[in-house]
1. Return the label of the correct value of mean projected area of the Cα convex hull in nm², as calculated from the structure shown, out of [x] 20.6; [y] 15.4; [z] 14.2.
2. Have a look at the DSSP beta bridges in the range 9-259 and tell me what percent are antiparallel, nearest 5.
3. Using DSSP to define loop residues, name the trypsin sites (Lys or Arg not before Pro) in the range 79-172 whose beta-carbon has at most 13 other beta-carbon atoms within 10 Å.
4. Going through the range 186-263, which trypsin sites (Lys or Arg not before Pro) have at most 14 other Cβ atoms within 10 Å and a DSSP loop state?
5. Which value, in debye to the nearest 20, gives the size of the charge dipole of the chain about its Cα centre, when Lys and Arg are +1 and Asp and Glu are -1 at the Cβ?
6. Out of the range 69-168, which GluC sites (Glu not before Pro) are coil in DSSP terms and have no more than 16 other C-beta atoms within 10 Å?
7. Using the charge dipole of the chain (Lys, Arg: +1 at Cβ; Asp, Glu: -1 at Cβ; taken about the Cα centre), state which of ASN83, PRO186, ILE100 has its Cα farthest towards the positive end.
8. Order by neighbour count: CYS140, CYS233, CYS90, CYS23, fewest other Cβ atoms within 10 Å first, most last.
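What follows draws every value from the coordinates through simple rules; no lab data is involved. Computed from a prediction, not measured in an experiment: that's the story for all the values here. Every residue, glycine as well, gets a Cβ built from its backbone with ideal geometry; the counts of neighbours run over all protein chains shown.
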Amino acid sequence: MPYAADPVWKDPSRGVWLYQSNCLSIMDRTAERYPDGVFDMIFADPPYFLSNGGITCHAGRMVSVNKGEWDKSRGPEENHNFNREWLSRCQRVLKPDGTIWVSGTAHIIHSVGFAMQQLRFKLLNDITWVKPNPPPNLSCRYFTHATETIIWAAKSEKSKHYFDYKLMRLMAGGKQMKSVWEFRPPGRAEKAHGKHPTQKPAALLERIILAGTKPSDLVLDPFMGSGTTGVACVRNGRRFVGIETEPAYMSLAIRRLEESRVPA
């Protein structure tokens, strides 16, 4: 079921299609084919523009924060223009009642939120993802960075978004689930096929997908990376379209998806 071009990998039996391309191009073609939208939900982990020559701590060692050209800042105006560009495409390919979840740190998330308001998305929640064991701040001049923000928004003010309130309450021990979530970063098992510098834990994506979609719904990840969103979709009976530009990350995502199965 290709949406705009020939996928580089697909598994129709599980409803998975992967495209190696610029996400703007794929979403433009998809919007032409589906003018009323086609995706029930989008999860996006866009560039945070953190590759500035700085350092961080990983596994007890000092390492560079540089992740590649795709993560280098082009200045606040250009960075914001980029966010408006890809968010406007996401809005076009969402169904009328569809939602989008976008992760980020302070370096980018405020631009994302402002762009959403400019485009007239309906802001629903901002989730704070707490990391219980973050890397220390080596300069000792700042608080240790221990959180990321995830903005949840509906396509428009008229959207009647889906939320599985009962399941989230059950998962929260019979109480209303709060907007502060604690998840550990991906462990060794999730990186068995290789590493991605901004990989998210599968448990985080599974909660998002269970909260905002129904079985067989169609989910898009325009910055797929290592394929965590796809893995979470397969495990929970949702269909998935992923877009990634980097061949190495595409290969990593394919390896992970090939071994993913619905839990027994």
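1. Identified label for the calculated read-out: [z].
2. On the way: 21 of 40 bridges.
Within the range 9-259, antiparallel bridges account for around 50 percent of the total.
3. Working: sites: ARG84, ARG89, ARG92, ARG120, LYS122, ARG141, LYS155, LYS158, LYS160, LYS166, ARG169; in loops: ARG120, ARG141, LYS155, LYS158, LYS160.
Here the sparse-neighbourhood loop sites are ARG120, ARG141, LYS158, LYS160.
4. Values: sites: ARG188, LYS191, LYS195, ARG207, ARG235, ARG238, ARG239, ARG255, ARG256, ARG261; in loops: LYS195, ARG238, ARG261.
Filter output for the range 186-263: LYS195, ARG261.
5. On the way: 36 positive and 26 negative charges, 150 e Å.
So the dipole magnitude of the chain works out to roughly 720 debye.
6. On the way: sites: GLU69, GLU77, GLU78, GLU85, GLU148, GLU157; in loops: GLU157.
Here the sparse-neighbourhood loop sites are GLU157.
7. Of the options given, the answer is PRO186.
8. Numbers: CYS140 7, CYS233 30, CYS90 26, CYS23 23.
Final ranking by Cβ density, sparse to dense: CYS140, CYS23, CYS90, CYS233.
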